[in-house]
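Student: Dumping the structure here so I can ask a few things about it.
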Amino acid sequence: MLDPTMYGDPLAMLLTRVRECELCAGHLPLGARPVLQMDSRARILIAAQAPGRKVHETGIPFNDASGDRLRAWLGISREVFYDARQVALVPMGFCYPGTGTSGDLPPRPECARAWHGELLPHLQHLQLTLVIGQYARAYHLPAEAGTLTEVVHAWRENWPNRIPLPHPSPRNNLWLKRNPWFEEDLIPMLQARVAEVLAQDR
C-alpha cells in the first residue's frame, strides 16, 4: 500500500506527528506510545479515557477485556471496530498513564490540549460520538452537569448524535449490576443506532 504521507495527506501527516509525540513521556511509567485510530471517512467516534497496560504492549486500542465488552455493547465485530474508515478511536490520553490505588491513573491532560483541536475537525463525516467515562464527558459534553451515572441515565438528552457511556472495564461490573436500566434500555437503542450509522452509504 502506498504511503499517503508521500502525497501530502494532511491527516496522515498529522497522525504521524501524534504517534511520534513525547510531550509527557517523563510522566509515563512505560514511556510514550500513542495509540489511536482515525480516518477522515469515519462515521463513529469513540472517545474514551486512555490505553491500559495491555493496549500499550500491543499498540492496538481496546485490545483487552474492556474492548470485548465495548464491542458487545455496540453489537459489532472486531473487523468493523478496527476499520478506521468506519470507527475512529481518539481517547483523551493516547498513552498508558500508569496505575494508581484504584485502577489506571487519569489520562494525561497534554494530549487533548495539544492534539484534539487538530485531529477532530478531520472527522467531516461524523454522525455518532460515544463519550466513555468522566474525562471524555468533561471534554465532549461540558454542559452536562451531575455525576457520570446521572449523565448516562439522561442519555436521551443528547440522542442521537452523542451518547454518554460508562467505561466498559470489568472494574465497573458492580455499577452495571446496580444500574440494570443501562443494559435493558440503553444498549438495545445504542446497537440499533450504531447499525443505522454503519449501514448508510458512504
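Student: Report the residue count in the stretch 19-63 for those that are outside any loop (DSSP other than H, G, I, E, B), small (Gly, Ala, Ser) and buried (at least 21 other Cβ atoms within 10 Å of the Cβ).
Tutor: 1
Student: Does Gly93 satisfy the criteria of being open to solvent by less than 30 Å² (accessible area, probe 1.4 Å), small (Gly, Ala, Ser) and over 22 Å from Arg113 (Cα atoms)?
Tutor: no
Student: Taking into account only those residues within the stretch 69-83 that are in contact (Cβ under 8 Å) with a residue 24 or more places away in the chain and assigned to a helix (DSSP H, G or I), which is most open to solvent (accessible area, probe 1.4 Å)?
Tutor: Arg69
Student: I need the full set of residues from the stretch 145-161 which are surrounded by 18 or more Cβ atoms within 10 Å (Cβ to Cβ) and closer than 23 Å to Leu123 by Cα, in order please.
Tutor: The one that is surrounded by 18 or more Cβ atoms within 10 Å (Cβ to Cβ) and closer than 23 Å to Leu123 by Cα: Trp155.
Student: Sort through Gln86, Gln124, Gln134 and tell me the only one that's of a type outside the set (Lys, Arg), farther than 19 Å from Val55 by Cα and in contact with a strand residue (DSSP E or B) (Cβ under 8 Å, 6 or more places away or on another chain). Walk me through how you get there before you give the answer.
Tutor: Numbers: Gln124 fails: in contact with a strand residue (DSSP E or B) (Cβ under 8 Å, 6 or more places away or on another chain); Gln134 fails: in contact with a strand residue (DSSP E or B) (Cβ under 8 Å, 6 or more places away or on another chain).
Of the residues listed, the single one that is of a type outside the set (Lys, Arg), farther than 19 Å from Val55 by Cα and in contact with a strand residue (DSSP E or B) (Cβ under 8 Å, 6 or more places away or on another chain) is Gln86.
Student: Is it the case, given these coordinates, that Pro91 is modelled with pLDDT under 95 and in a loop (DSSP other than H, G, I, E, B)?
Tutor: For Pro91, the condition - modelled with pLDDT under 95 and in a loop (DSSP other than H, G, I, E, B) - is not met.
Student: Does the stretch 173-182 contain any residue that is assigned to a helix (DSSP H, G or I) and buried (at least 17 other Cβ atoms within 10 Å of the Cβ)? Step through it out loud before you land on a result.
Tutor: If we filter the stretch 173-182 for residues that are assigned to a helix (DSSP H, G or I), which is where we start, we get 173-178, 181-182.
Restricting the remaining residues to those that are buried (at least 17 other Cβ atoms within 10 Å of the Cβ) gives 182.
Checked against the condition, which is being assigned to a helix (DSSP H, G or I) and buried (at least 17 other Cβ atoms within 10 Å of the Cβ), the stretch 173-182 yields at least one hit.
Student: Any idea which of Ala136, Ala114 is over 17 Å from Leu165 (Cα atoms), open to solvent by less than 60 Å² (accessible area, probe 1.4 Å) and assigned to a helix (DSSP H, G or I)?
Tutor: Ala114
Student: Another question about this same structure. Out of curiosity, is Leu126 part of a helix (DSSP H, G or I) and not acidic (Asp, Glu)? Quick ask: steps written out before the conclusion?
Tutor: Numbers: part of a helix (DSSP H, G or I): no; not acidic (Asp, Glu): yes.
In short, no.
Student: Here is a list of conditions, (1) under 15 Å from Arg71 (Cβ atoms); (2) open to solvent by less than 50 Å² (accessible area, probe 1.4 Å), and Gln191 meets all of them except one; can you say which number that is?
Tutor: Of the numbered conditions (1) under 15 Å from Arg71 (Cβ atoms); (2) open to solvent by less than 50 Å² (accessible area, probe 1.4 Å), the odd one out for Gln191 is (2).
The values are calculated or read from the model by the stated rules, or taken from the named source; none is laboratory data. Fair warning: this is a prediction, and the values are worked out from it, not measured in the lab. Neighbour counts run over all protein chains shown; Cβ positions are idealised from the backbone, glycine included. Heavy atoms of the whole protein, side chains included, go into the accessibility calculation; ligands, DNA and RNA do not. Shrake-Rupley method; radii C 1.70, N 1.55, O 1.52, S 1.80 Å.
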